[in-house]
Amino acid sequence: MGAEDIGWGNLAAGYVLLFVPLLIFRYYRTGMIRSTLVSMARMSVQLLLVALYLEVIFRLNNPWLNTGWVTVMILATAWTVIGRVRLSPRYLFVPVFLAVLFSLTAVDAYLLGAVLRLNFIFDARYFIPITGMLIGNSLTAVIVSFDSFFGSLTRQQTTYRFGLANGATRQESLRIFIREAIRRAMNPTIASTAVMGLVSLPGMMTGQILGGSDPSVAIKYQILIMISIFVSTLLSLVISLNLCSRFVFDRFDNLKSSVFRR
């Protein structure tokens, strides 16, 4: 037994909910009405196109096609991170891409191969949605960590220089900034994980229950997913920060001004 289908008319009726935030934005003159409408329109078109593409992917279930789709998601993630923090892709795009790719490969291989023991770890039913959830959560954390890292480093140049002047290496001097970036990025994840299930049903668990799965089965999957999200998120941001720090400084350990986009 699967979830009830949603008719196009019912889907259109769901958009009526948007009148609530639009009226609030209008009342307070936030200037966010146009951006909201554009964002919702783009989201709708993109998801409808993705649905068509995923139907083909799920039907063919080809490992190369599945891997290619995940690679595109990782590329989009790396580009989104750079764009949101207004940093130059020249220095940071490749490090972010490699960091996310490595963390996803390691976690996916362990979860799908060693824990779930799938005969075909690239099975589209598992590989694509699980990897998508890992990427989505990593995206937010990496953006927050980069904002914290480069923001703190820019404001606290004296602290960074003090470490270098006392004989510390560049990586040792940056450790305090990386530590703070990890704290800021991971605190929301830790908080949401602690109350998961008490305040809401997570997305995958809700989908499984709507699809007819037993709640106990859905919960087991969700526990594994939450652990995997936590690990992959932390790996992504730590590796990203350490890789990027090798490209954004000159030979005198000065932060390159060209790292920031004007």
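Scoring Arg246 on the criteria (1) at pLDDT below 85; (2) closer than 28 Å to Leu87 by Cβ; (3) not in a helix (DSSP H, G or I) leaves a single failure, condition (1).
Take Ser173 and decide whether it is part of a helix (DSSP H, G or I), in the same structural domain as Ile225 (by TED's automatic domain parsing), closer than 17 Å to Arg84 by Cα and small (Gly, Ala, Ser).
Values: part of a helix (DSSP H, G or I): yes; in the same structural domain as Ile225 (by TED's automatic domain parsing): yes; closer than 17 Å to Arg84 by Cα: no; small (Gly, Ala, Ser): yes.
So Ser173 does not fit the description; no.
In this structure, is Met40 part of a helix (DSSP H, G or I), among the aliphatic types (A, V, I, L, M) and under 17 Å from the mean Cα position of the chain (by Cα)? The answer is no for Met40. Going through (1) surrounded by fewer than 17 Cβ atoms within 10 Å (Cβ to Cβ); (2) assigned to a helix (DSSP H, G or I); (3) polar (S, T, N, Q) one by one, Asn119 falls short only on (2).
Please find, among Leu37, Leu22, Leu116, Leu54, the residue that is over 30 Å from Phe149 (Cβ atoms), touching a residue at least 40 places away in the same chain (Cβ under 8 Å) and not assigned by TED's automatic domain parsing to the domain that holds Tyr221.
Working: Leu37 fails: touching a residue at least 40 places away in the same chain (Cβ under 8 Å); Leu22 fails: touching a residue at least 40 places away in the same chain (Cβ under 8 Å); Leu116 fails: not assigned by TED's automatic domain parsing to the domain that holds Tyr221.
After applying the criteria, what remains is Leu54.
Here Ala114 fits the description: part of a helix (DSSP H, G or I) and either touching an Asp or Glu at 6+ places or on another chain (Cβ under 6 Å) or over 21 Å from Phe93 (Cα atoms) (or both). Residues of the stretch 90-116 that are of a type in the set (D, E, K, R) and surrounded by 20 or more Cβ atoms within 10 Å (Cβ to Cβ): Asp108 alone. Figure legend. Inter-residue proximity from the stretch 78-98: first residues closer than 20 Å to Gly136 by Cβ and in contact (Cβ under 8 Å) with a residue 24 or more places away in the chain, second residues surrounded by 15 or more Cβ atoms within 10 Å (Cβ to Cβ) and among the charged types (D, E, K, R), beta-carbon distance below 8 Å, spacing 6+ or different chains. Indicated pairs: Val85/Asp147.
Just one of (1) surrounded by 13 or more Cβ atoms within 10 Å (Cβ to Cβ); (2) hydrophobic (A, V, I, L, M, F, W, C); (3) modelled with pLDDT of 85 or more fails for Met204. It is (3). When Gly14, Gly9, Gly83, Gly68 are checked against the criterion of being assigned to a helix (DSSP H, G or I), of a type outside the set (Phe, Trp, Tyr), more than 20 Å from the chain's Cα centre (by Cα) and under 30 Å from Phe127 (Cβ atoms), a single residue qualifies: Gly14.
Going by what's in this entry, would Thr77 be described as assigned by TED's automatic domain parsing to the domain that holds Leu243, in a helix (DSSP H, G or I) and surrounded by fewer than 17 Cβ atoms within 10 Å (Cβ to Cβ)? No: the conditions fail for Thr77. Taking the listed residues Tyr15, Tyr110, Tyr91, the one that is out of contact with any His (no Cβ under 8 Å at 6 or more places or on another chain) and not assigned by TED's automatic domain parsing to the domain that holds Ser138 is Tyr15, with no other qualifying.
Residues of the stretch 160-195 being among the small types (Gly, Ala, Ser) and within 18 Å of Arg251 (Cα to Cα), which ones? Spell out how you get there, then give the answer.
Here is the first cut: in the stretch 160-195, the ones among the small types (Gly, Ala, Ser) are 163, 165, 167-168, 173, 181, 185, 191-192, 194.
Answer for the stretch 160-195, where residues must be among the small types (Gly, Ala, Ser) and within 18 Å of Arg251 (Cα to Cα): Gly163, Ala165, Gly167, Ala168, Ser173.
For the stretch 214-254, give me each residue that is among the polar types (S, T, N, Q) and either closer than 18 Å to Leu98 by Cβ or in contact with a Gly (Cβ under 9 Å, 6 or more places away or on another chain) (or both). Please lay out each step first, then the result.
Start the filter on the stretch 214-254 by keeping residues that are among the polar types (S, T, N, Q), which leaves 216, 222, 228, 232-233, 236, 240, 242, 245, 254.
Within the stretch 214-254, Gln222, Ser232, Thr233, Ser236, Ser240, Asn242, Ser245 meet the criteria.
Go through the stretch 14-54 and count every residue that is farther than 29 Å from Gly132 by Cα and hydroxyl-bearing (Ser, Thr, Tyr). Result for the stretch 14-54: 3.
The values are calculated or read from the model by the stated rules, or taken from the named source; none is laboratory data. Quantities reported herein were computed from a predicted structural model and do not represent experimental measurements. Note that each Cβ is placed from the backbone with ideal geometry, even for glycine, and that neighbours are counted across all protein chains shown.
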